[in-house]
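Participant: Before anything else, here's the structure in question.
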Amino acid sequence: MENTAFTNCIQCHNEFDESRRHPHVLSCLHTCCSSCLERIVNGKQIFCPDCHSQTEISSDPCKELPLDTACRNYLDFVRIQRKPTDIQCTDCPDQSSASSFCKECFTFMCPECTTAHKRTAITRKHLVVPVSELKESGLNEFHRKDTCNKPGHEEQVFTFYCDRRGCDIPICTLCAVCDHNQTNGHLIRNLSDVYEDSKTVVQSVIREINARGTPMSEAVDQLEKVVDELAATETDISQEIDTIFDKYQKILNERRYQLQMEVQNHCQVKKRDLQEKVKTLKSYTTDVKTATDFTNRVLLYTTATEFLNLKNVILRRILELKNVNVSIPAKDDVALRFLRGVSDDSFVQLINGIGNVSSRESPIPQSTLHNGHSDTGPMKSGRSEYTSPINQELSRSPARTPPSEAPRNTTSVTPTTPQSVKRVGDSIAVSRQMSIPAAATPIREPVQRQTSLPAPLEEKKTMSTVAMMNGMPKTPAEEKTSFFSKAKQKTAQANRESFQQLSPDRPFQPVTSPISPKTPTTMPPELKNLPGVVYGDIVCPDFTFDVLTIHNEREVSLDGKILRNRKTGKPSSSGTAEKQFQNYKGIVGNFPFKELGKYYYEVDVSFTIYQPLEQTWLVYELGICRKDIIDTHHTVERHEHARSCYVARYPEDGKLAHEFWHNRDLLTYVPLSDNTAGITVDLTYGLLVDTRRRKWTIADVGKQKKLHTFTGIDFTEALYPVFGTYNPDLVSVEMTLRTGSEISAFPPFLKGF
């Protein structure tokens with residue numbers, strides 16, 4: 001289906017062509033035809049007909065503004081798809097219908113021109129194809145040949161790029177030898193390398209501004225809902241006022257009228273303010289979408305040369321959008337309530353002071369959108385912290401109580417409800433990238449919904465990009481190495497850090513599935529087509545963490561393989577409000593255990609203690625549980641249809657131990673390590689689920705030692721693997737899930753379990 005918004009002018013809405021309506025790109029990344037540009041230009045300014053953004057020019061806009069070559073190439077492709085017989089000859093003055101197309105000259109020709117083209121000595125060897133065959137061609141066939149237009153360099157293909165300040169253009173081989181010789185201070189690079197580096201920078205910034213789109217849209221929806229609710233709030237308060245003043249009708253009529261006017265005035269003022277803010281947020285969201293759509297089209301439909309001609313205007317716009325500061329009010333800022341203020345016995349004395357309509361302001365300062373990431377490191381100071389209540393039920397085991405998260409660094413927070421609640425739990429940084437209206441329930445803590453990327457470009461890199469576009473001179477170091485090369489190296493380094501696996505170096509010899517009929521196995525037929533590998537009667541299913549369930553205080557990598565108990569700002573969590581855990585401090589695997597058979601998977605765990613744990617505080621948990629009960633608590637050990645192995649401080653000796661729980665009962669424990677600041681522990685768990693014999697075995701693969709086997713498990717309903725991490729201020733935890741072909745062999749010492 002054609003995208004007419006892409007192929008039509010935003011002013012006259014006519015389709016672009018090669019005569020009077022050439023597509024030109026404005027600074028806001030909207031595209032306007034050359035004919036309309038001549039009409040709407042106002043001195044040295046052009047105001048976009050769509051978004052009203054201003055574009056500054058110094059001369060003829062049709063010569064100064066770059067061509068939208070992505071649109072031009074796409075139009076050629078579309079016109080062929082529509083009706084090839086309507087295409088006219090490029091050279092004929094009588095506009096005859098074209099019958100063939102020269103791929104070298106990029107011209108459509110009628111039969112007479114085709115004959116002449118094949119006779120001319122210069123063009124007789126050109127590749128000429130019938131127009132009818134182009135209908136089956138892809139978009140690449142319509143990319144024009146990028147050649148130098150310098151006199152004497154005709155037909156020379158662009159293969160290099162001069163990266164020196166003041167040049168910054170594609171060049172041909174002759175240009176590189178003559179006009180842009182490196183002995184004269186020019187910086188010559190391969191065109192393809194510059195294209196890849198520039199594309200990396202643009203895509204990185206696009207990911208950043210796109211990451212802000214979801215919370216922006218959520219904020220708009222919430223603010224619009226608040227505006228709608230103001231009318232209902234006004235009605236409710238008016239009814240409350242009427243209930244009180246009906247009792248004192250003769251005395252309080254005048255005061256009632258005054259209060260009703262106050263409610264109306266408050267609502268009107270708030271409505272106006274919020275509507276203005278909604279308008280601003282919608283405008284920003286639209287600008288981001290426009291920039292994203294345009295950039296994606298350019299990346300998809302242009303050649304390297306065409307992209308580089310548009311590079312600066314794209315970077316200028318998306319960096320401008322990235323650095324916009326937009327304040328988003330909290331929901332509490334518009335909360336209205338009526339304060340009665342007097343009893344029946346004293347109303348005569350207090351008649352003049354009865355009642356008050358109050359619009360309570362939020363005690364938390366407003367945050368604004370900014371370029372950067374909050375610091376959530378474990379040992380940093382100066383962070384605002386929130387805490388949440390944890391329901392700690394007594395264990396049915398007389399010797400122990402269920403472990404909890406540490407009540408560390410707690411602060412009392414006055415909630416936005418009439419009663420005060422002390423919140424205890426994980427401390428989280430609230431240097432949020434934006435603030436949104438607070439949730440209605442008082443026990444939910446405001447948290448940072450941080451959509452993180454592979455490490456964004458540093459501030460100084462961004463400023464360097466802006467300096468390059470504004471014509472500022474480069475430093476000597478920048479003359480030798482371009483900004484784009486540095487940015488690409490930094491982005492690659494960030495990607496490696498974000499998704500580095502902690503797996504031990506082991507040989508890789510998996511048997512891929514679906515299982516071949518020649519593979520000797522005694523497993524049930526229903527398990528033979530599972531994705532993964534098989535060792536004898538053991539299936540190693542291929543699955544990942546379900547990233548949509550991640551608790552908003554935890555972090556999961558994009559590939560669904562790494563879980564951390566802190567927000568590092570590198571991997572990207574993909575949680576949504578629909579599936580995201582609210583209580584369970586972790587994540588669930590996306591593979592259920594129900595069908596009869598044996599399943600095996602592994603988890604690499606690495607943790608470092610920053611401060612010794614106290615009482616029975618948790619480090620992490622591995623479990624299996626029915627899916628509908630996982631999120632009822634911060635652990636799963638208290639459920640009948642769950643089994644849990646976690647590491648916590650054992651109160652009898654103060655050290656860390658593996659503890660194995662079921663239905664609030666501590667079954668056994670195995671000592672693990674000291675509880676000392678600075679120690680780091682690395683281990684690999686092997687987890688074997690046997691649904692036929694109703695067993696689940698947890699083992700230490702490194703020590704080749706079984707830790708515990710749960711028996712009598714009910715698999716009539718599917719059980720899911722769960723993974724919890726806790727107390728990020730005291731200990732850093734990283735889990736790496738290893739499944740399917742990532743498992744090189746089934747541990748021999750587990751074959752009897």
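Participant: Would you tally the residues in the stretch 219-246 being open to solvent by 40 Å² or more (accessible area, probe 1.4 Å), under 44 Å from the mean Cα position of the chain (by Cα) and over 30 Å from Tyr284 (Cβ atoms)?
Facilitator: Count: 2.
Participant: When the residues of the stretch 1-30 are narrowed to those that are open to solvent by 10 Å² or more (accessible area, probe 1.4 Å) and β-branched (Val, Ile, Thr), which ends up nearest to Asp76 (Cα to Cα)?
Facilitator: It comes out as Thr4.
Participant: Could you run through the stretch 247-286 and say how many residues are open to solvent by less than 70 Å² (accessible area, probe 1.4 Å), of a type outside the set (S, T, N, Q) and part of a helix (DSSP H, G or I)?
Facilitator: 16
Participant: Something else now. Just for the stretch 107-138: of the residues that are among the polar types (S, T, N, Q) and either assigned to a helix (DSSP H, G or I) or under 53 Å from the mean Cα position of the chain (by Cα) (or both), which one is nearest to Arg72 (Cα to Cα)?
Facilitator: Step by step, filter the stretch 107-138, then rank; the result is Thr107.
Participant: Would you please name the residue that is modelled with the highest pLDDT, looking only at residues in the stretch 526-540 that are closer than 30 Å to Glu578 by Cα and crowded, with 22+ Cβ neighbours inside 10 Å?
Facilitator: Checked the stretch 526-540; the qualifying residue modelled with the highest pLDDT is Cys540.
Participant: Out of the residues in the stretch 698-724 that are part of a loop (DSSP other than H, G, I, E, B) and among the polar types (S, T, N, Q), which is surrounded by the fewest Cβ atoms within 10 Å (Cβ to Cβ)?
Facilitator: Top of the filtered list is Thr716.
Participant: Being over 30 Å from Val313 (Cβ atoms) and either at pLDDT 85 or above or not aliphatic (A, V, I, L, M) (or both) narrows it down to one of Glu229, Glu155, so name that one.
Facilitator: After applying the criteria, what remains is Glu229.
Participant: How many of the residues in the stretch 596-609 are outside any strand (DSSP E or B) and surrounded by fewer than 16 Cβ atoms within 10 Å (Cβ to Cβ)?
Facilitator: Result for the stretch 596-609: 1.
Participant: Further question on the same structure: Against the definition (modelled with pLDDT under 85 and touching a helix residue (DSSP H, G or I) at 6+ places or on another chain (Cβ under 9 Å)), how does Arg297 come out, yes or no?
Facilitator: In short, no.
Participant: What single numbered condition from (1) surrounded by fewer than 23 Cβ atoms within 10 Å (Cβ to Cβ); (2) modelled with pLDDT of 95 or more fails to hold for Val588?
Facilitator: Of the numbered conditions (1) surrounded by fewer than 23 Cβ atoms within 10 Å (Cβ to Cβ); (2) modelled with pLDDT of 95 or more, the odd one out for Val588 is (1).
Participant: Then there is this: Conditions first: (1) at pLDDT 95 or above; (2) surrounded by fewer than 24 Cβ atoms within 10 Å (Cβ to Cβ). His633 passes all but one, so which condition is the exception?
Facilitator: In the conditions (1) at pLDDT 95 or above; (2) surrounded by fewer than 24 Cβ atoms within 10 Å (Cβ to Cβ), His633 misses (1) alone.
Participant: Surrounded by 13 or more Cβ atoms within 10 Å (Cβ to Cβ) and in contact with a strand residue (DSSP E or B) (Cβ under 8 Å, 6 or more places away or on another chain): does that describe Ile206?
Facilitator: no
Participant: So, one more: Let me confirm something: among Arg316, Arg297, Arg337, which residue is in a strand (DSSP E or B), of a type in the set (Lys, Arg) and open to solvent by 20 Å² or more (accessible area, probe 1.4 Å)?
Facilitator: Residue meeting the stated conditions: Arg337.
Participant: For the stretch 62-72, name all the residues that are crowded, with 20+ Cβ neighbours inside 10 Å and closer than 16 Å to Ser27 by Cβ.
Facilitator: Scanning the stretch 62-72 gives Leu65, Asp68.
The values are calculated or read from the model by the stated rules, or taken from the named source; none is laboratory data. Because the structure is a prediction, the values reported are computed rather than measured. So basically every Cβ, Gly included, is an ideal-geometry build from the backbone, and we count neighbours across all protein chains shown. With ligands, DNA and RNA removed, areas are computed over all heavy atoms of the protein, side chains included. Shrake-Rupley method; radii C 1.70, N 1.55, O 1.52, S 1.80 Å.
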